[in-house]
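See below for the structure under consideration.
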Amino acid sequence: MTTPKRHTNLIDEVNFAKATEQGRRLLARGPLATAARYEAGRIHVELNNGCAFEFPVEQAQGLVGAKVADLRTIQIQASGLGLHWPKLDADLYVPSLVKGVLGTKQWMAEIGAAGGRTTSAVKAAASRENGKRGGRPRKSDDLQAA
């Protein structure tokens, strides 16, 4: 016969108090979402400080390629710190969105890499000009050491 596992607390009182205080500070500092809606390929978010911002759906982790009907249902969670799309099981953190962070570090790196691969006449001309001057400067040993 096996002994049943004893339930243990995952967090002690001290850490619970620290987490509660950290949450209180986050809510006091803001910004917090008060409203959010999908409109013409963009998510529009209104904040408790009177400001508003928008971001394109196709650049936000978890929203890319989603159906319009799924994008229209947005829940404001965590007292305004989070946006949740229940039909997509996608969540975004409002303070990060305000800073232009539309997903994890890996997601943002992928977006940046895609931008770097973009070609245009202007980019090609700039590359040719740079090549005429000897190309990209080599990193010195001093800079690599720092």
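If you add up the charges near LEU88, with Lys and Arg at +1 and Asp and Glu at -1, over every other residue whose beta carbon is less than 12 angstrom from its beta carbon, what do you get?
0
How high is the relative contact order of region 33-112, given as a whole-number percent (alpha carbon pairs under 8 Å, six or more residues apart)?
Value for region 33-112: 23 percent.
I'd like the FRET efficiency for GLU54 and LEU88, computed as 1/(1 + (r/R0)^6) with the beta carbon distance as r and R0 of 22 Å, rounded to 0.05.
0.75
Under 14 Å from the Cβ of LYS99, count the other residues' Cβ atoms, weight Lys and Arg +1, Asp and Glu -1, and hand me the total.
Summing Lys/Arg as +1 and Asp/Glu as -1 gives +2.
Run the quick spin-label model on SER120 and ARG72: label points 7 Å from Cα toward the beta carbon, then report their separation in nm to one decimal.
It works out to 3.4 nm between the two label points.
Sum up the charges of everything whose Cβ sits under 13 Å from the Cβ of ASN130, counting Lys and Arg as +1 and Asp and Glu as -1, but leave ASN130 out.
Net charge in that neighbourhood comes out at +4.
Any lysines with Cα under 22 Å of the LYS132 Cα? List them, leaving off those in the same chain fewer than 8 positions away.
LYS123
Only the coordinates and a few stated rules stand behind these numbers; no lab work does. Every value quoted in this text rests on a predicted model; they were computed, and no experiment measured them. Backbone-built Cβ (ideal geometry, glycine too); neighbour counts: all protein chains shown.
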